[in-house]
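Notes follow the structure.
None of the figures in this text is laboratory data; all of them are computed from the coordinates on show. Note that the structure is a prediction, hence the values are computed from the model and not measured. Every residue, glycine as well, gets a Cβ built from its backbone with ideal geometry; the counts of neighbours run over all protein chains shown.
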Amino acid sequence: MIHLTPDAYRDLGHCRIAGVPPPLESLRMTGWGVNTLAWVPAGDLGTIEVGLAVHVEAGRFPIAVCRLADGLYAISDTCTHMQASLSEGSMFGDQIEYPRHGGRFNVRTGAATRMPAVRPVATFPVRVKDGQVLVQIPD
């Protein structure tokens, strides 16, 4: 059986309307050990410079892979305010700024940190294997 908390149900509804992937927590299924997540390639580590975000298509999801001094972070590349590419914006520490209206998101948590953005973006686990960046996405 699949159990959704009220917050997960709300998140799924908002994401369906906005056309962005829901937070991974909303997609984890319980009961019978079902897991709907998969690791997919998201580029070479050497092509992602510290302090930059790059757009990748991981499965069916547009994702911004952001590299900070302490590691890689992956978020939905779709702004929850205007549905445009966040990877076209600029990095300010651990935040990425949407280029059109100046809204910001924390790349570690997905939290909206500056108006006009108020809804968080989805975050995705990242790992590196043999120089290849892998992102965990819904399968």
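Given points 7 Å out from each Cα along the Cα-Cβ axis, report the residue 90 to residue 52 separation in nanometres with one decimal.
Modelled inter-label distance: 1.6 nm.
For segment 121-139, list residues with backbone N below 20 Å from a point placed 7 Å from the Cα of residue 39 toward its Cβ?
Residues 123-139 qualify, since their backbone N sits under 20 Å from the label point.
Amide H of residue 103 versus every other amide H placed in the peptide plane: which residues, excluding those fewer than 5 positions away on the same chain, fall under 5 Å?
Result for residue 103 returns 98, 117.
So how do 119-127, 47-55 stack up, highest first, on mean other-Cβ count within 10 Å?
Values: 119-127: 19.8, 47-55: 15.1.
In decreasing order of mean packing, 119-127, 47-55 become 119-127, 47-55.
Below 8 Å between Cα atoms, with a sequence gap of 6+, how large is the relative contact order for segment 37-138 in percent?
Values: 246 pairs, mean separation 29.6, N = 102.
Once divided by the residue count of segment 37-138, the mean separation gives 29 percent.
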